[in-house]
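*Asks:* This structure is in structure tokens; I'll ask about it shortly.
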Amino acid sequence: CTPNFVDVQGVYSADLGVGPNADFDGNLRGADMSGERITITGKIYDGAGGLVTDAMVETWQTDAKGQYPAADAAFSGWARQACDLTTGVFTFQTIKPGCIATSTDRQSPHVSIWIVARGINLGLHTRIYFADEDNSADPVLALIEPSRRQTLIASQQGGAYVFNVRLQGENETVFFDL
């Protein structure tokens with residue numbers, strides 16, 4: 001059996017139209033959408049500290065009221081963005097998600113992300129939490145070692161939330177096995 005291109009590269013291949021520079025829109029914000037408008041930007045680093053410029057990042061989140069699927073018709077809650085091939089930057093224009101209340105707890109506002117790239121056979125799942133929110137009671141963060149929680153928290157810098165992903169090594173981002 002001889003492996004073909006898709007066997008080697010996975011579903012993240014130029015042949016399937018999901019490669020770098022594909023025309024994906026990282027803008028989740030509709031003109032009539034309610035909620036605080038925010039920008040999330042970041043980069044992905046490999047285990048040696050080098051930029052991963054051929055990654056694709058997918059996001060999904062609640063609307064400003066914490067509802068899935070979004071009750072706000074102007075807001076899809078989902079986007080996909082390829083990293084810039086030169087700078088490695090990904091950027092999403094969105095709204096700040098609301099808290100998710102259940103019958104037993106409350107999850108802090110967060111954005112779920114999924115990352116695929118060359119060499120990543122299965123997509124990586126993680127979350128983006130916000131430094132300016134009270135994350136102390138979040139049941140998912142509570143499951144993570146306190147010293148590692150900071151790898152899931154975006155900081156505000158220059159009008160945007162910055163969330164850098166480290167695939168391996170020191171300060172490796174926490175990934176979830178879903």
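Here's the yes/no breakdown for (1) within 13 Å of GLY42 (Cβ to Cβ); (2) in contact with a strand residue (DSSP E or B) (Cβ under 6 Å, 6 or more places away or on another chain); (3) hydrophobic (A, V, I, L, M, F, W, C):
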{"residue": "SER103", "(1), (2), (3)": "no, no, no"}
{"residue": "LEU122", "(1), (2), (3)": "no, no, yes"}
{"residue": "HIS125", "(1), (2), (3)": "no, yes, no"}
{"residue": "ASP132", "(1), (2), (3)": "no, no, no"}
{"residue": "SER136", "(1), (2), (3)": "no, no, no"}
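*Asks:* Where residues in the stretch 32-52 are closer than 15 Å to ALA64 by Cβ and outside any strand (DSSP E or B), which of them is modelled with the lowest pLDDT?
*Replies:* Among residues in the stretch 32-52 that are closer than 15 Å to ALA64 by Cβ and outside any strand (DSSP E or B), the one modelled with the lowest pLDDT is ASP32.
*Asks:* Further, regarding this structure: If you go through the stretch 100-122 one residue at a time, how many are outside any strand (DSSP E or B), surrounded by 12 or more Cβ atoms within 10 Å (Cβ to Cβ) and within 18 Å of the chain's Cα centre (by Cα)?
*Replies:* So the answer is 5.
*Asks:* Also, quick follow-up: Exactly one condition in (1) within 21 Å of ALA82 (Cα to Cα); (2) not in a strand (DSSP E or B) is false for ASN135; which is it?
*Replies:* Single failed check for ASN135: (1).
*Asks:* From the set of residues in the stretch 123-150 that are within 15 Å of the chain's Cα centre (by Cα) and aliphatic (A, V, I, L, M), which is nearest to ASP54 (Cα to Cα)?
*Replies:* My answer is LEU124.
*Asks:* Under the condition of being aliphatic (A, V, I, L, M), in a strand (DSSP E or B) and under 13 Å from the mean Cα position of the chain (by Cα), which residue from the stretch 151-178 is surrounded by the fewest Cβ atoms within 10 Å (Cβ to Cβ)?
*Replies:* Kept after step one, since they are aliphatic (A, V, I, L, M), are these residues of the stretch 151-178: 152-154, 160, 162, 165, 167, 174, 178.
Right, trim to in a strand (DSSP E or B) and you get 153-154, 160, 162, 165.
Still in the list and also under 13 Å from the mean Cα position of the chain (by Cα): 153-154, 162, 165.
Working: ILE153: 19, ALA154: 22, VAL162: 15, VAL165: 22.
Only one residue tops the list, namely VAL162.
*Asks:* Residues being aliphatic (A, V, I, L, M) and at pLDDT 90 or above: count how many of those fall in the stretch 65-91.
*Replies:* Of all residues in the stretch 65-91, those aliphatic (A, V, I, L, M) come to 70-71, 73-74, 79, 82, 85, 89.
Checking which are at pLDDT 90 or above leaves us with 82, 85, 89.
Going through the stretch 65-91 one residue at a time, the tally reaches 3.
*Asks:* What's the number of the only condition in (1) surrounded by 15 or more Cβ atoms within 10 Å (Cβ to Cβ); (2) closer than 27 Å to MET33 by Cα; (3) of a type outside the set (A, V, I, L, M, F, W, C) that ASP132 fails to meet?
*Replies:* If we test ASP132 against (1) surrounded by 15 or more Cβ atoms within 10 Å (Cβ to Cβ); (2) closer than 27 Å to MET33 by Cα; (3) of a type outside the set (A, V, I, L, M, F, W, C), just (1) comes out false.
*Asks:* Go through the stretch 135-150 residue by residue and tally those that are of a type in the set (A, V, I, L, M) and surrounded by fewer than 12 Cβ atoms within 10 Å (Cβ to Cβ).
*Replies:* As a first pass, look at the stretch 135-150 and keep what is of a type in the set (A, V, I, L, M): 137, 140-144.
Still in the running and surrounded by fewer than 12 Cβ atoms within 10 Å (Cβ to Cβ): 143.
The total comes to 1.
The values are calculated or read from the model by the stated rules, or taken from the named source; none is laboratory data. The structure displayed is predicted, hence computed values, not measured ones. Don't worry about glycine lacking a Cβ; one is built from the backbone with ideal geometry, like all the others, and counts go over all protein chains shown.
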